[in-house]
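Q: For reference, the structure I am asking about is given below.
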Amino acid sequence: MAKSVAKAARDAGLQGLRGVGPALAERLARLGVNQAADLLFLLPQRYEDRTRITPIGSLVPGHRAVVSGEVEIAEVVYRRRRSLLCRVSDGTGLLTLRFFYFSKSQQSGLVRGARILCYGEARSGAGGLEMVHPEYRLFAAGPAAAVPELEQTLTPVYPTTEGLQQFRLRSLVNQAIDRCLPTLADALPESLLGGQGLPTLRDALLYLHRPPADAELEQLAAGRHPGQRRLALEEMLAHHLSLRRLRERGRAERAPALAGDADLRQRFLAGLGFGLTGDQRTVLAEIDVDLREPHPMMRLVQGDVGCGKTVVAAAAALSAVAAGHQVAVMAPTELLSEQHRRSFTRWFEPLGIDVCWLSGSLARGERLRAYEDIGSGRAKVVIGTHALFQEGLEYRSLALMIVDEQHRFGVHQRLALMQKGSVGDLRPHQLVMTATPIPRTLAMTLYADLDTSIIRELPPGRTPVQTVALPARRRPEVVARVREAALGGQRAYWVCPLVEDSDLLEAQAAESTRRALCEALPELAVGLVHGRMKSEEKDAVMRDFAAGKVQLLVATTVIEVGVDVPEATLMIVENAERMGLSQLHQLRGRVGRGAAASSCVLLYQPPLAGFARERLEVLRDTNDGFVVAQKDLELRGPGEVLGTRQTGLMQLRVADLIRDAALAPLVQQLGRELIANSPASVEALVARWVGDAGRYATV
Ligand code: ADP
Ligand code: MG
């Protein structure tokens, strides 16, 4: 029912576009196109230049070009596969056109003497340059023959979906341009943009769909044309506005005011065995102020790996518990949630506070028991991953949600947990933590819904980690170093290569590394953790490693975030050239957590490409997470996908938060003005670029 309503709405929205029936509408919907105007915002992935003819003599393999000439020979050959070959000449050179599929009528047209205009990619073939299945048109021979008219603009190539051909999509976009562009509302008129040198929305869109023949293809490919910047600005602004709205809404909402309990806090701090750093105390004070308000706190704590965010979160949790409420602690991985369980249990059990752990691996019976404890309010602190907002789980009174390594989650996951924790009109306070320090202006755009606190100081007594990069052939030396360290009572991590999108392959690689290391180091106890192990198994191995029963831990990048074993002093990372800066920095952050000097060995496969070399150099030169983050942004070439997953910067359509970071101050300024003066524009922008909160998904 709801589906057919949605479908009807969609059909209505696409009405007037020639030839769009239900099947096509379905395919367009897959591209996010539900009404004609949406087509305007479906931007080309790249462009083809069909505006001019290239002489065959100056064709270069790999280039796409329009060529015009005369067919000299046409023959069907049967070498390996039956194919039709045409030799075309234009007086400057010879080009072979190769067709594996061809109809009778095509064959009868492509004959000696035919004049042809074709477009395709030149490749070097057996007998010189060739084009396989070029697009082509024949035209009349004879002295008066005029070459058919060429395209006037560059030809856009759109992202498309199965069953929707490029030419079809192009014609639909063209219709949309004619029909919708003239009346398209522009939320950012000249008066607002004054002096930025950015085109109007209409001009930007027109240019990007139909770039003139003399457009700079390289600039377009790099996403640096002013038209692209104009749209990137809109998109960043839209996301920024939707986050600010979230924040405004939060301000208007109510939350339990938590005064805290000085005595309980005191007992907790006394049991830690260390004093808080100045930054930890400052941030905790900021949190305390927020928690006393009858509105939900929305605070982000940024701080480099190992700066001690967890203790601060635990101290904040006590304020909720003291008032008889519950706290949820959400971590991005099971491994990390297990570690939080250990820390919170160690700190809270002596205070008589029950900690409950929700894991995906709990048996049904255990899970139901946990649900009961949470529903009855017996469990005061609930720790877990996404399991924290599963269906069927009810909190008794959730007053604070702590989200660790926020960059691994999307806004919508935070929203889901918040909704779970809402009782009547009361919302839980939110404390989110991240070890991915990002420059301030970017943070204000990305986390516009949050107040930020920063912990810069590391706990005292840490010695900076020494980092070296070594080619993989020096592995035997590294193995010897591990032996020496382990026999001297230290512990080491050995991180195996990242296998994108396959935790199975990754696990296999880790298994074989472990076997090899066991052979090379028979005197050591070698453990293994990877993403495909059951969490009890992982937990057991981690415990053995923490206790020193295992001295060398072979791991996949599952240990990247948050794992804390202060006795570990050696980190070895294989194929470091494949990993991003932030990820390597996170991995390195697993060592250097105790007083003993630690080192990090980055093994790489030579030769090192430019960016990879620079990344390793940055790590060798600095331990400062803020410097690493800044370099990460600079060194990550546009479109280098490597990073989006690890830093979790939101996925955008046009904007690239790294390339377009300089727009951030303008985004904030425009955000303020629009919120104050034109709420309708805010609505329009958010609807156009953000749609549902799901777009924030980063995992
Ligand atoms: P992160 O900020 O990376 O989450 P953790 O909270 O895991 O860091 O803390 C790292 C380690 O430092 C933990 O073993 C923690 O107990 C310890 N720690 C935290 N604060 C202090 C402090 N003020 N003095 C000494 N050790 C501390
Ligand atoms: Mg942490």
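The values are calculated or read from the model by the stated rules, or taken from the named source; none is laboratory data. These figures come from a predicted structure and were not determined experimentally. Neighbour counts run over all protein chains shown; Cβ positions are idealised from the backbone, glycine included.
Q: Are there helices (runs of 4 or more DSSP H) fully within the stretch 283-391 with at least 2 residues that are within 16 Å of ligand 1 (Cβ to nearest atom) and hydrophobic (A, V, I, L, M, F, W, C)? List them. Lay out the reasoning, then the answer.
A: Numbers: elements: 309-322, 334-348, 364-376.
Correct list: 309-322, 334-348.
Q: For the stretch 481-495, indicate whether the set of residues that are in contact with a helix residue (DSSP H, G or I) (Cβ under 8 Å, 6 or more places away or on another chain), among the basic types (Lys, Arg), modelled with pLDDT of 85 or more and within 16 Å of ligand 2 (Cβ to nearest atom) is non-empty.
A: No, every residue in the stretch 481-495 fails to be in contact with a helix residue (DSSP H, G or I) (Cβ under 8 Å, 6 or more places away or on another chain), among the basic types (Lys, Arg), modelled with pLDDT of 85 or more and within 16 Å of ligand 2 (Cβ to nearest atom).
Q: Please go through the stretch 201-238 and give me each residue that is without any contact (Cβ under 8 Å) to a residue 24 or more places away in the chain and not in a helix (DSSP H, G or I), ordered by number. I'd like the intermediate steps shown before the answer.
A: Kept after step one, since they are without any contact (Cβ under 8 Å) to a residue 24 or more places away in the chain, are these residues of the stretch 201-238: 202, 207, 214, 216, 218-219, 225.
Across the stretch 201-238, the qualifying residues are ASP214, GLU216, HIS225.
Q: Run down LEU241, LEU246, LEU217 and say which single residue is more than 16 Å from ligand 1 (Cβ to nearest atom) and touching a Gly at 6+ places or on another chain (Cβ under 8 Å).
A: Within the list LEU241, LEU246, LEU217, the selection yields LEU241.
Q: Against the definition (at pLDDT 95 or above, surrounded by fewer than 24 Cβ atoms within 10 Å (Cβ to Cβ), within 16 Å of ligand 2 (Cβ to nearest atom) and over 30 Å from LEU663 (Cβ atoms)), how does GLN266 come out, yes or no? Spell out how you get there, then give the answer.
A: On the way: at pLDDT 95 or above: yes; surrounded by fewer than 24 Cβ atoms within 10 Å (Cβ to Cβ): yes; within 16 Å of ligand 2 (Cβ to nearest atom): no; over 30 Å from LEU663 (Cβ atoms): yes.
No, not satisfied.
Q: Could you grab me the full set of residues in the stretch 209-234 that are surrounded by fewer than 22 Cβ atoms within 10 Å (Cβ to Cβ) and out of contact with any strand residue (DSSP E or B) (no Cβ under 7 Å at 6 or more places or on another chain)?
A: If the condition is that a residue be surrounded by fewer than 22 Cβ atoms within 10 Å (Cβ to Cβ) and out of contact with any strand residue (DSSP E or B) (no Cβ under 7 Å at 6 or more places or on another chain), then ASP214, ALA215, GLU216, GLU218, GLN219, ALA222, GLY223, ARG224, HIS225, PRO226 are the ones that fit.
Q: With respect to ARG27, is the statement that it is of a type in the set (D, E, K, R) and assigned to a loop (DSSP other than H, G, I, E, B) true? Spell out how you get there, then give the answer.
A: Working: of a type in the set (D, E, K, R): yes; assigned to a loop (DSSP other than H, G, I, E, B): no.
Spelling it out, it is not the case that ARG27 is of a type in the set (D, E, K, R) and assigned to a loop (DSSP other than H, G, I, E, B).
Q: While we're on this one: Looking at LEU450, LEU458, LEU528 in this structure, which one is within 30 Å of VAL432 (Cβ to Cβ), more than 16 Å from ligand 2 (Cβ to nearest atom) and buried (at least 20 other Cβ atoms within 10 Å of the Cβ)?
A: Sole residue among the options that is within 30 Å of VAL432 (Cβ to Cβ), more than 16 Å from ligand 2 (Cβ to nearest atom) and buried (at least 20 other Cβ atoms within 10 Å of the Cβ): LEU450.
Q: Which one of ALA122, ALA204, ALA114, ALA146 is modelled with pLDDT of 90 or more and not assigned by TED's automatic domain parsing to the domain that holds GLU75?
A: Numbers: ALA122 fails: not assigned by TED's automatic domain parsing to the domain that holds GLU75; ALA114 fails: not assigned by TED's automatic domain parsing to the domain that holds GLU75; ALA146 fails: modelled with pLDDT of 90 or more.
Matching residue, one of ALA122, ALA204, ALA114, ALA146: ALA204.
Q: Out of (1) more than 13 Å from THR467 (Cα to Cα); (2) more than 13 Å from ligand 1 (Cβ to nearest atom), the odd one out for ALA595 is which?
A: Only one criterion is unmet by ALA595, namely (2).
Q: May I ask you to say which residue of VAL305, VAL301, VAL329 is modelled with pLDDT of 95 or more, of a type outside the set (Ser, Thr, Tyr), under 28 Å from the mean Cα position of the chain (by Cα) and within 16 Å of ligand 2 (Cβ to nearest atom)? Can you show your working first?
A: Values: VAL305 fails: modelled with pLDDT of 95 or more; VAL301 fails: modelled with pLDDT of 95 or more.
Going through VAL305, VAL301, VAL329 in turn, the sole match is VAL329.
Q: Further question: Filter the stretch 53-70 down to the residues that are within 20 Å of LEU154 (Cβ to Cβ) and assigned to a strand (DSSP E or B) and list them by number.
A: Passing the criteria: ILE53, ARG64, ALA65, VAL66, VAL67, SER68.
Q: Oh, and also: More than 16 Å from ligand 1 (Cβ to nearest atom), among the acidic types (Asp, Glu), at pLDDT 90 or above and more than 20 Å from PRO497 (Cβ to Cβ), is that true of GLU536?
A: Working: more than 16 Å from ligand 1 (Cβ to nearest atom): yes; among the acidic types (Asp, Glu): yes; at pLDDT 90 or above: no; more than 20 Å from PRO497 (Cβ to Cβ): yes.
The answer is no for GLU536.
Residue-by-condition table, conditions (1) more than 23 Å from ILE455 (Cβ to Cβ); (2) touching a strand residue (DSSP E or B) at 6+ places or on another chain (Cβ under 6 Å); (3) of a type in the set (Val, Ile, Thr):
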residue: LEU258; (1), (2), (3): no, no, no
residue: ASP261; (1), (2), (3): yes, no, no
residue: ARG265; (1), (2), (3): no, no, no
residue: PHE274; (1), (2), (3): no, no, no
residue: THR277; (1), (2), (3): no, no, yes
residue: ALA285; (1), (2), (3): no, no, no
residue: VAL289; (1), (2), (3): no, no, yes
residue: MET298; (1), (2), (3): no, yes, no
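Q: Then there's this: What are the residues in the stretch 269-293 that are more than 14 Å from ALA316 (Cα to Cα), of a type in the set (A, V, I, L, M, F, W, C) and either in contact (Cβ under 8 Å) with a residue 12 or more places away in the chain or buried (at least 17 other Cβ atoms within 10 Å of the Cβ) (or both), if any?
A: LEU272, PHE274
Q: Another question, then. Does VAL311 meet the test of being within 12 Å of ligand 2 (Cβ to nearest atom), closer than 21 Å to GLN280 by Cβ and surrounded by fewer than 24 Cβ atoms within 10 Å (Cβ to Cβ)?
A: Details: within 12 Å of ligand 2 (Cβ to nearest atom): yes; closer than 21 Å to GLN280 by Cβ: yes; surrounded by fewer than 24 Cβ atoms within 10 Å (Cβ to Cβ): yes.
Criteria met by VAL311.
Q: Of the residues that sit in the stretch 239-259 and are in a loop (DSSP other than H, G, I, E, B) and hydrophobic (A, V, I, L, M, F, W, C), which one is farthest from GLN413 (Cα to Cα)? First the steps, then the outcome.
A: First, pick out the residues of the stretch 239-259 that are in a loop (DSSP other than H, G, I, E, B): 253, 255-259.
When the remaining residues are screened for being hydrophobic (A, V, I, L, M, F, W, C), the result is 255, 257-259.
Numbers: ALA255: 19, ALA257: 24, LEU258: 24, ALA259: 28 Å.
Restricting to residues being in a loop (DSSP other than H, G, I, E, B) and hydrophobic (A, V, I, L, M, F, W, C), the top hit is ALA259.
Q: Oh, and also: Being surrounded by fewer than 17 Cβ atoms within 10 Å (Cβ to Cβ) and among the aliphatic types (A, V, I, L, M) is the filter; apply it to the stretch 237-263 and report the residue that is modelled with the lowest pLDDT.
A: Per the stated criteria, the residue is ALA252.
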